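Data first, discussion second: the structure below is written as structure tokens.
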Amino acid sequence: MSQKTLLSAKEIGIILHRLACQLIENHTDFKDTVLIGVQPRGVYLANRIKQILVEDYQLTDVKLGYLDITFYRDDFRRGEKPLEANKTHIDFVVEDKRVVFIDDVLYTGRSIRAALTAMQSFGRPLEIELLTLIDRRFSRHLPIQPDYRGRQVDVINQEKVKVNWIENEGEDAVYLVSK
């Protein structure tokens, strides 16, 4: 198995600031906008984006929640081992709000489809956007595209994009892993 670095910690930092600025351009004060990190891996990215918005751009009213999609996935009962659910934490109203889903890698689009279904349990947002660090553009099974993308990557189906976060793996890096 070989591993090639797609993004270093410095490059990830630059991309996160760009994504935060794009969100500010479209959502200004975030009064009617909420951020939702898609569990499990989108939470790390969502926390980073919120941190940048609050600390670097002094936005005070940025609401962030976490959405578990485990039981909404179309592959829920297809695996050999049972899936482990994560926690959903949304302590604000999404009705008539602009929701920004945040996930680390957009691959087939199935996780986002599950997130759209899960979100219905919390009300009817005014609109939903998608922010992703990595967009694997040629591997989509569903017609889902990000509104905000960090980096677009062309990957062969046997290759995997692995996002490491300092909070979980001890480093910020994105790798292309080949078997």
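The values are calculated or read from the model by the stated rules, or taken from the named source; none is laboratory data. Bear in mind that the values here come from a model prediction, so they are computed numbers and not experimental data. Because the Cβ atoms are built from the backbone with ideal geometry, glycine has one as well, and the counts that use them run over all protein chains shown. Calculation scope for accessible area: heavy atoms of the full protein, side chains included, ligands and nucleic acids excluded. Shrake-Rupley method; radii C 1.70, N 1.55, O 1.52, S 1.80 Å.
In loop segments of the range 82-145 as defined by DSSP, the GluC sites (Glu not before Pro) with at most 13 further C-beta atoms inside 10 Å of their C-beta are E84, E95. In the chain, the sites counted are chymotrypsin sites (Phe, Trp or Tyr not before Pro) in DSSP loop states with at most 14 other Cβ atoms within 10 Å, and the longest stretch holding none of them, exclusive of the sites, is 1-56. Within the full protein context, the accessible area of K4 is estimated at about 120 Å² for a probe radius of 1.4 Å.
What is the range 95-169 by shape, rounded, prolate or oblate, if you read a ≥ b ≥ c off the alpha carbon gyration tensor as root eigenvalues and call it rounded for a/c under 1.5, prolate for a/b larger than b/c, and oblate otherwise?
Details: a/c = 2.16, a/b = 1.64, b/c = 1.32.
Verdict is prolate for the range 95-169.
Under 1.5 on a/c is rounded, so check that first for the range 1-109, then, if it is not, pick prolate when a/b is larger than b/c and oblate when it is not; a ≥ b ≥ c are the square roots of the alpha carbon gyration tensor eigenvalues. Oblate is the answer for the range 1-109, as a/c is 1.5 or above yet b/c matches or exceeds a/b. Close Lys pairs in the chain, defined as Cα atoms under 16 Å apart and 8 or more places apart or on different chains, number 10.
Under the rule a/c < 1.5 gives rounded, and otherwise a/b versus b/c splits prolate from oblate, where does the range 10-60 land using the Cα gyration tensor? Don't jump to the answer; show the numbers that get you there.
Values: a/c = 1.80, a/b = 1.15, b/c = 1.56.
The shape class here is oblate.
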